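Trainee: I'd like to ask some things about the structure below.
The values are calculated or read from the model by the stated rules, or taken from the named source; none is laboratory data. Keep in mind that this is a model prediction, so the values were computed, not measured. With ideal geometry, Cβ positions are generated from the backbone for all residues, glycine too; neighbour counts draw on all protein chains shown. Accessible surface is based on the protein model in full, side chains and every heavy atom, while ligands, DNA and RNA are left aside. Shrake-Rupley method; radii C 1.70, N 1.55, O 1.52, S 1.80 Å.
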Protein chains: 2
Amino acid sequence: MANEKIPYKIYLNESEMPKQWYNMRADMKTKPAPLLNPGTGKPMTAEELSVVFCKDLVEQELDNDTKYFDIPDEILSFYKMYRPSPLVRAYCLEEKLQTPAKIYYKFEGNNTSGSHKLNSAIAQAYYAKKQGLKGVTTETGAGQWGTALSMACAYLNLDCKVFMVKCSYEQKPFRREVMRTYGASVTPSPSMETEVGKRINAAHPGTTGSLGCAISEAVEVATKSEGYRYVLGSVLNQVLLHQSVIGLETKAAMDKYGIKPDLIIGCAGGGSNLGGLIAPFMGEKLRGEADYRFIAVEPASCPSFTRGVYAYDFCDTGMVCPLAKMYTLGSDFIPSPNHAGGLRFHGMSSTLSELYHEGLMEARAVNQTDVFEAAEYFARVEGILPAPESSHAIRVALDEAIRCRETGEEKTILFGLTGTGYFDLVAYQKYHDGTMTDYIPTDEELAQYRAKLPKV
Amino acid sequence: MANEKIPYKIYLNESEMPKQWYNMRADMKTKPAPLLNPGTGKPMTAEELSVVFCKDLVEQELDNDTKYFDIPDEILSFYKMYRPSPLVRAYCLEEKLQTPAKIYYKFEGNNTSGSHKLNSAIAQAYYAKKQGLKGVTTETGAGQWGTALSMACAYLNLDCKVFMVKCSYEQKPFRREVMRTYGASVTPSPSMETEVGKRINAAHPGTTGSLGCAISEAVEVATKSEGYRYVLGSVLNQVLLHQSVIGLETKAAMDKYGIKPDLIIGCAGGGSNLGGLIAPFMGEKLRGEADYRFIAVEPASCPSFTRGVYAYDFCDTGMVCPLAKMYTLGSDFIPSPNHAGGLRFHGMSSTLSELYHEGLMEARAVNQTDVFEAAEYFARVEGILPAPESSHAIRVALDEAIRCRETGEEKTILFGLTGTGYFDLVAYQKYHDGTMTDYIPTDEELAQYRAKLPKV
């Protein structure tokens with residue numbers, strides 16, 4: 001098909017959909033550093049992790065060697081409800097920009113959760129069900145992950161308890177209602193249902209919560225309730241494994257038409273989308289079979305790659321989770337409240353951190369108002385209203401396409417469009433009203449948080 | 001391909017997409033009754049209509065004979081940004097219901113306007129542009145149509161003035177922000193920008209507006225402004241013509257796999273979706289080539305087909321528009337405020353009215369709470385969060401599939417899933433909270449409005 005005109009949207013046939021997930025770690029010479037037990041400073045064992053996570057997921061988390069994992073049939077069936085997702089050739093954008101670059105994006109927003117999060121949610125829910133559990137607990141900030149997990153649990157008839165950061169619970173009632181539609185129980189965090197929640201409420205009366213606190217509550221409920229485990233939507237190795245379906249589909253669609261990207265761009269909060277999108281391409285690079293440039297895009301207000309340090313740190317602000325080696329701003333770091341979208345996590349996936357550390361990947365930080373400018377431009381030209389998170393990738397893709405116009409290079413640019421912005425219209429409104437501002441932490445601020453990193 | 005396993009989602013290739021719209025009226029023995037000039041009682045001429053509508057659209061509106069209209073290349077390109085839409089085989093629903101019925105739905109929600117409205121919005125905007133106009137005006141209630149038109153106008157660089165019913169403007173700020181993202185000006189109606197708006201505001205201080213009033217404002221601005229025309233998202237023949245793309249794609253996808261539906265179900269407000277979905281199937285029925293059952297589903301709170309009369313009536317409450325012969329409840333009829341979704345129009349497309357009158361189509365009215373029960377059930381099983389409007393069709397599709405379980409009949413059911421419910425979560429919340437109620441107008445109420453029908 002290499003000579004055919006490339007359609008606006010490439011959809012794989014069901015028979016062409018990936019049947020295995022790809023584990024990038026298997027091709028890495030230096031493996032990502034292991035999770036450490038914060039008490040002993042030693043690598044977490046499978047047994048220790050199994051208190052918090054499902055058995056099969058612990059195996060996936062610790063396995064640095066198996067290259068491919070079969071996707072169970074039940075998950076494949078679920079994937080077929082909303083996958084394959086389209087790989088879109090951005091003809092309209094190219095024309096509007098008058099760029100010789102060829103622009104493609106993989107659009108993961110065509111499902112009710114509105115993002116790629118569903119790819120891992122169904123996998124984690126499936127393994128919980130397989131283990132005979134009653135349910136799972138999790139936290140959610142903006143709500144994409146909570147929505148995705150609610151959908152997966154509804155499908156498998158599994159109980160789903162979501163701790164939602166209180167300010168989001170109150171400010172994003174629609175996300176909450178979607179979760180309720182899928183039968184999840186949604187509790188504003190900090191709550192009075194957990195010890196840690198009670199402690200935080202007592203210490204900070206009237207607090208509107210944080211992601212770190214919600215994680216601690218969800219973990220507490222999972223470990224104290226019979227038949228429950230905790231699940232997480234990003235950062236972990238297992239999540240990147242499940243999300244590799246994004247990259248595998250993208251690569252299969254590109255191969256079908258003989259397309260080879262020069263530049264692959266994704267937004268990066270904890271790394272779930274970026275790690276999934278780049279997986280098979282990075283695999284080729286690691287094996288020396290092909291070369292690609294990868295760019296991780298993060299908010300200037302939460303710049304873990306570009307201004308963080310590569311060190312062991314807690315994954316949560318409550319410091320109950322294992323230590324992970326990653327690019328981090330410090331587990332106390334919380335982005336300025338004027339930051340509108342997601343991508344608020346203080347650290348970054350260990351796998352991606354190692355790849356970045358080795359120079360296999362680049363990173364770029366972008367300002368919020370520039371991101372929304374790109375979002376609105378994209379919406380008008382390509383029709384899709386993008387999520388603020390995804391719009392970080394759009395910003396850099398536009399910048400690169402404009403650079404191609406200036407240099408005349410016919411580069412092929414691929415970026416991940418992780419989701420839609422239907423539940424982010426308060427942020428869009430701020431942008432339209434001119435009340436959106438940028439915030440870049442000072443070096444002094446970052447140094448304060450860095451000083452509190454655990455000594456390992 | 002007839003013997004292949006039918007995939008979860010059938011996507012046509014771009015080369016298989018329809019290149020012409022189909023005009024159902026050409027195959028009707030009795031044509032829909034013409035629009036009448038309310039002053040003279042005589043059929044509206046092209047010249048009269050051209051004051052309000054674009055030239056090419058007037059031709060399409062009045063043409064009862066041309067069977068196929070070529071879709072202009074510019075519109076085809078735009079369609080390729082979000083079409084073909086998937087025809088989904090509802091395997092999960094069938095299994096959950098344990099029904100021998102085979103269920104398919106055509107999903108039109110995978111675009112930022114969230115509904116099928118975009119199919120006609122781009123066509124109407126295109127003809128306005130072609131005529132060299134500066135812009136278009138329209139009204140919107142729930143906001144799907146206004147959003148779709150804003151997207152189409154942004155693409156073609158055309159000005160777009162939307163009059164949004166004031167209560168929706170205030171209660172649905174997110175819809176408003178989407179329109180602003182696409183560069184439309186959105187004015188709450190009744191406004192102080194038009195004569196009719198000033199009159200209504202003076203007569204009813206503090207009124208939160210109605211669709212009928214917003215139509216009158218949009219028409220006034222279109223006719224009084226140089227280089228503007230008025231566009232409408234439903235009811236008109238031209239809209240059904242453009243929406244035939246839904247049915248044509250559906251039929252092409254079904255033919256490809258040798259599928260023949262027994263029963264075709266669609267929700268009906270003004271008739272845009274239903275008229276589009278059934279078009280090529282009804283064509284076969286009209287020509288005696290095949291037989292199908294068609295069911296129009298309407299809210300019990302606004303039952304124009306099932307409890308209205310077939311008569312000439314005004315299309316707007318302001319009585320400035322032409323008279324149309326249709327099933328109507330009377331142009332003063334406004335559904336009870338407890339009715340949550342769209343489908344609030346007092347009348348019905350003239351074309352569909354004639355088909356219903358001849359017994360070629362059935363109609364069924366359903367209660368709001370039953371509709372939301374079906375919506376939630378569908379969301380949990382099939383993953384998609386449906387719009388309240390679309391959920392009327394889901395309700396009847398479920399009822400029919402359950403009937404098949406009881407009778408053992410292996411019927412093939414097709415329904416239109418017109419859009420997503422992301423902007424209708426206030427209604428979902430009412431349903432979850434148990435505060436949603438049903439309202440069925442009494443015979444006495446309906447008789448009051450009927451008594452005010454114009455004498456023609």
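Trainee: Quick check for you: with a 1.4 Å probe and neighbouring chains kept, what is the accessible area per residue of the range B:94-202, in Å²?
Mentor: On the way: 3370 Å² over 109 residues.
For the range B:94-202, the per-residue accessible area is 31 Å².
Trainee: Excluding same-chain residues fewer than 8 positions from A:K96, which aspartates and glutamates have a Cα within less than 14 Å of its Cα?
Mentor: A:E376, A:E382, A:D399
Trainee: Also: Counting only other chains, and only Cβ atoms inside 10 Å, what mean value do you get across the residues of A:427-438?
Mentor: On the way: counts 1, 5, 6, 1, 3, 4, 2, 0, 0, 0, 0, 0.
Mean number of neighbouring Cβ atoms from other chains: 2.
Trainee: Let me ask something additional. Among the DSSP beta bridges whose two residues both lie in the protein assembly as shown, what percent are antiparallel, rounded to the nearest 5? Walk me through the numbers on the way to the answer.
Mentor: On the way: 36 of 102 bridges.
Around 35 percent antiparallel, to the nearest 5.
Trainee: Near the amide H of B:S189, under 5 Å away, which other amide H atoms are found, from residues 5 or more places off or on another chain, if H is placed in the peptide plane?
Mentor: B:M164, B:V165, B:K166
Trainee: Just by accessible area at a 1.4 angstrom probe, what is the order of B:H204, B:H432, A:H346 from largest to smallest?
Mentor: Values: B:H204 110, B:H432 45, A:H346 10 Å².
These residues rank, largest area first, as B:H204, B:H432, A:H346.
Trainee: If you take every DSSP beta bridge fully contained in the range B:77-233, what fraction is antiparallel? Give it as a percent rounded to 5. The partial results should precede the final answer.
Mentor: Values: 3 of 17 bridges.
Restricted to the range B:77-233, the bridges split so that about 20 percent are antiparallel.
Trainee: For chain A, what is the largest minus smallest coordinate of the Cα atoms on each principal axis, given in angstrom and ordered from greatest to least?
Mentor: In descending order, the Cα extents are 61, 49, 44 Å.
Trainee: Another question, if that's okay. Over its Cα atoms, what ratio of radius of gyration to 2.2 N^0.38 Å does the range A:86-193 give? Please report the intermediate quantities before stating the final value.
Mentor: Values: Rg = 17.5 Å, N = 108, 2.2 N^0.38 = 13.0 Å.
Compactness ratio reported: 1.34.
Trainee: Which percent, nearest 5, of DSSP beta bridges in chain A are antiparallel? Present the calculation step by step, with values, prior to reporting the outcome.
Mentor: Details: 18 of 51 bridges.
Given both bridge residues lie in chain A, the antiparallel proportion sits at roughly 35 percent.
Trainee: Okay, next question. To the nearest 100 Å², how much accessible surface do chains B and A hide from each other in total, with a 1.4 Å probe? Mind showing how you got there, number by number?
Mentor: Details: alone 17690 and 17670 Å², together 31390 Å².
Adding both sides of the contact gives about 4000 Å².
Trainee: Let me ask another. Share of chain B's accessible area from carbon and sulfur, percent, 1.4 Å?
Mentor: Carbon with sulfur: 50 percent of the solvent-accessible area.
Trainee: Considering amide H positions built from the backbone, and no H for Pro or chain starts, which residues 5 or more places from A:T412, or on another chain, come under 5 Å of its amide H?
Mentor: A:K102, A:D262, A:L263
Trainee: Viscosity 1.306 mPa s, temperature 10 °C: give me the Stokes-Einstein translational D for the protein assembly as shown in µm²/s, with Rh taken as the Kirkwood radius over C-alpha pairs.
Mentor: Working: Rh = 28.4 Å.
For the chosen part, D equals 56 µm²/s.
Trainee: Tell me the net charge near A:K31. Cut-off is 14 Å between Cβ atoms, A:K31 excluded, with +1 for each Lys or Arg and -1 for each Asp or Glu.
Mentor: Numbers: positive: A:R25, A:K29, A:K67, A:K325; negative: A:D27, A:E61, A:D63, A:D65, A:E354, A:E358.
Here the count lands on -2.
Trainee: At A:E47, with labels set 7 Å past Cα in the Cβ direction, how many nm apart are the copies from this one, shortest first?
Mentor: Distances to the matching label points in the other copies: 9.5 nm.
Trainee: Moving on to the next point. Per chain A: cysteines with no other Cys C-beta under 4.7 angstrom?
Mentor: Cys with no partner Cβ under 4.7 Å: A:C54, A:C92, A:C167, A:C213, A:C267, A:C302, A:C404.
Trainee: Considering only the label points, 7 Å along Cα→Cβ from Cα, what distances in nm to one decimal separate B:K31 from the same position in each other copy, shortest first?
Mentor: 7.8
Trainee: Can you give me the solvent accessible area of B:D443 with a 1.4 Å probe, rounded to the nearest 10 Å²?
Mentor: 100
Trainee: To the nearest 0.05, what FRET efficiency results for B:Q131 and B:V309 with a Förster distance of 45 Å applied to their C-beta separation?
Mentor: Details: r = 37 Å, r/R0 = 0.82.
Working from the Cβ atoms, E equals 0.75.
Trainee: Which whole-Hz couplings ³J(HN,Hα) result when phi for each residue of the range A:262-269 is put into the Karplus expression 6.51 cos²θ - 1.76 cosθ + 1.60, θ = phi - 60°, listed in order with x for Gly and Pro?
Mentor: 8, 9, 10, 10, x, 6, 9, x
Trainee: Using the per-residue mean of other Cβ atoms lying within 10 Å as a proxy for protection, in what order, highest first, do the peptides B:322-333, B:24-35, A:398-409 fall? Intermediate results must be reported in sequence, preceding the final value.
Mentor: Working: B:322-333: 23.8, B:24-35: 17.3, A:398-409: 15.7.
In descending order of packing, they fall as B:322-333, B:24-35, A:398-409.
Trainee: So if I take the centroid of the Cα atoms in the range B:299-313 and the same for the range A:389-444, what is the distance between those two points in Å?
Mentor: 49
Trainee: If each DSSP helix of 4+ residues adds -39,500 (n - 2.57) and the sum is divided by the residues in chain A, what number results at 222 nm, nearest 500 deg cm²/dmol? Walk me through the numbers on the way to the answer.
Mentor: Values: 18 runs with 193 residues, N = 456.
Roughly -12500 deg cm²/dmol at 222 nm, from the helical runs in chain A.
Trainee: Give the share of C-alpha pairs in each 5 angstrom bin for the range A:118-267, from 0 to the last occupied bin, in whole percents, shortest bins first.
Mentor: The percentages, shortest bin first, are 2, 10, 17, 19, 17, 13, 8, 6, 4, 2, 1, 0, 0.
Trainee: Now a separate question. Would you mind checking the tilt of helix A:368-382 against the longest principal axis of the Cα atoms of chain A, expressed as 0 to 90 degrees and rounded to 10?
Mentor: It works out to around 50 degrees.
Trainee: Sort shortest first the distances from A:E226 to its counterpart in every other copy, using label points 7 Å along the Cα-to-beta-carbon line, and give them in nm.
Mentor: 8.1
Trainee: Give the accessible surface of the range B:251-307 per residue, rounded to a whole number of Å², with probe radius 1.4 Å and ligands, DNA and RNA excluded. Working shown, then result.
Mentor: Values: 1300 Å² over 57 residues.
Accessible surface, normalised per residue, equals 23 Å².
Trainee: For the pairs B:K67/B:K256; A:K5/A:K285; A:K9/B:K67; A:K29/A:K285; A:K260/A:K411; A:K9/A:K67, flag any whose C-alpha to C-alpha distance is greater than 18 Å. Mind showing how you got there, number by number?
Mentor: Numbers: B:K67/B:K256 23 Å; A:K5/A:K285 28 Å; A:K9/B:K67 30 Å; A:K29/A:K285 12 Å; A:K260/A:K411 10 Å; A:K9/A:K67 30 Å.
Exceeds cut-off: B:K67/B:K256; A:K5/A:K285; A:K9/B:K67; A:K9/A:K67.
Trainee: Taking loop as defined by DSSP and a crowding limit of 12 other beta carbons within 10 Å, which GluC sites (Glu not before Pro) in the range B:226-328 fit?
Mentor: Details: sites: B:E226, B:E249, B:E284, B:E289; in loops: B:E226, B:E289.
Qualifying residues, ordered by number: B:E226, B:E289.
Trainee: Further question on the same structure: What are the ³J(HN,Hα) couplings of the range A:169-181, residue after residue, when phi is run through the Karplus curve with 6.51, -1.76, 1.60 and θ = phi - 60°? Round to Hz, x for glycine and proline.
Mentor: The phi angles translate into 4, 7, 8, 10, x, 6, 4, 4, 5, 4, 4, 5, 4 Hz.
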